[in-house]
Amino acid sequence: MTTIRLLSYNVRSMRDDRAALARVIRRLEPDVACVQEAPRFAFWLRKRRWLARRTSLGLAVRSRPAGLELYAGPRTALLHRRHRLLSPVPGLHRRGLVFGLFEVGGARFVAASVHLDLADGPRLRHAEEIVTELARIRERFGAPVILAGDVNEEPGGAAWEHLASRFQDGFATAPWGEGATYSSWEPRTRIDGVFADPEVEVLSCGVPDEPELLADYPMATDHRPVVAELRVRAS
């Protein structure tokens, strides 16, 4: 069994204090970082590469639409990657799914990043599409799936419960640190999460609450990061 450290983080297009953002990610030392609201307009790739350099992570996807990105830590091997757009909704931002097949210490797993809509109907529809797509990916690669992202909904909502009925809700399974993820300066709601296949052992999941991190959170972006320690069986 191999323990991996996975980060989910909405970085608000890196519009805030980039130095603080980089400090947070460096301190968290993820094996895989699932990012939402990655830069996708002017100089988007340059900005993503800057964050990779400042955090000693590898840029895994490099796809602009939907503002999703994956970063890989120093001990993480990227074996496959893919970006897929979800069904369009007139008048709303285009949503997507990015995933990578990774290997850490002989254990292979799929990590996926998502950012669901603010509107109830499209959010649930896209959650259903994501579950279907990840089932195909799981079968294709024969590896467990870990889904992370900004759900834009709290536990109990239709989209969240659809995901939680197919995956383990990390924080509900093994709570650690704080639960609320939004907003970064006055957290009141848990709208960001990590969801893992049943065969993945969730050791801990939550928002780290070390004082130096708490000081940087409000400057870095408008969400707080979710970190999950997960145990995956070696291939």
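A few remarks follow.
- If you filter segment 195-235 down to residues that are among the β-branched types (V, I, T) and assigned to a loop (DSSP other than H, G, I, E, B), you find that the one that is nearest to E29 (Cα to Cα) is T221.
- From the list L6, L45, the lone residue that is crowded, with 19+ Cβ neighbours inside 10 Å, out of contact with any Ser or Thr (no Cβ under 6 Å at 6 or more places or on another chain) and either under 24 Å from E199 (Cα atoms) or not hydroxyl-bearing (S, T, Y) (or both) is L6.
Residue-wise test of (1) under 23 Å from A220 (Cα atoms); (2) open to solvent by less than 10 Å² (accessible area, probe 1.4 Å); (3) in a loop (DSSP other than H, G, I, E, B); (4) of a type in the set (A, V, I, L, M).
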position	(1), (2), (3), (4)
E129	no, no, no, no
T132	no, no, no, no
G149	yes, yes, no, no
E161	no, no, no, no
W185	yes, no, yes, no
G193	yes, yes, no, no
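- Residue in segment 82-96 that is farthest from E128 (Cα to Cα), counting only those that are surrounded by 17 or more Cβ atoms within 10 Å (Cβ to Cβ) and free of Cβ contacts under 8 Å to residues at least 40 places away in the same chain: H83
- You will find that of P74, P65, P30, the residue that is within 17 Å of the chain's Cα centre (by Cα) and under 22 Å from L213 (Cβ atoms) is P30 and no other.
- Given (1) open to solvent by 20 Å² or more (accessible area, probe 1.4 Å); (2) in a loop (DSSP other than H, G, I, E, B); (3) small (G, A, S), number of the condition A143 does not satisfy: (1)
- Selection of segment 217-235 for residues being in contact with a strand residue (DSSP E or B) (Cβ under 7 Å, 6 or more places away or on another chain) and of a type in the set (F, W, Y) yields an empty set.
- F109 being among the aromatic types (F, W, Y), in contact (Cβ under 8 Å) with a residue 24 or more places away in the chain and open to solvent by 20 Å² or more (accessible area, probe 1.4 Å): no
- Residue match in segment 65-74 (condition: open to solvent by less than 30 Å² (accessible area, probe 1.4 Å), farther than 15 Å from S8 by Cβ and touching a strand residue (DSSP E or B) at 6+ places or on another chain (Cβ under 6 Å)): yes
- Some residue of segment 18-31 being surrounded by fewer than 17 Cβ atoms within 10 Å (Cβ to Cβ), under 23 Å from R224 (Cβ atoms) and either of a type in the set (S, T, Y) or modelled with pLDDT under 95 (or both): no
- Tally of residues being of a type in the set (G, A, S), part of a loop (DSSP other than H, G, I, E, B) and over 26 Å from F43 (Cα atoms) across segment 55-112: 3
The values are calculated or read from the model by the stated rules, or taken from the named source; none is laboratory data. Because the structure is a prediction, the values reported are computed rather than measured. Please note: Cβ atoms are built from the backbone with ideal geometry, for glycine as well, and neighbour counts cover all protein chains shown. Side chains included, ligands, DNA and RNA excluded: accessible areas come from the protein's heavy atoms. Shrake-Rupley method; radii C 1.70, N 1.55, O 1.52, S 1.80 Å.
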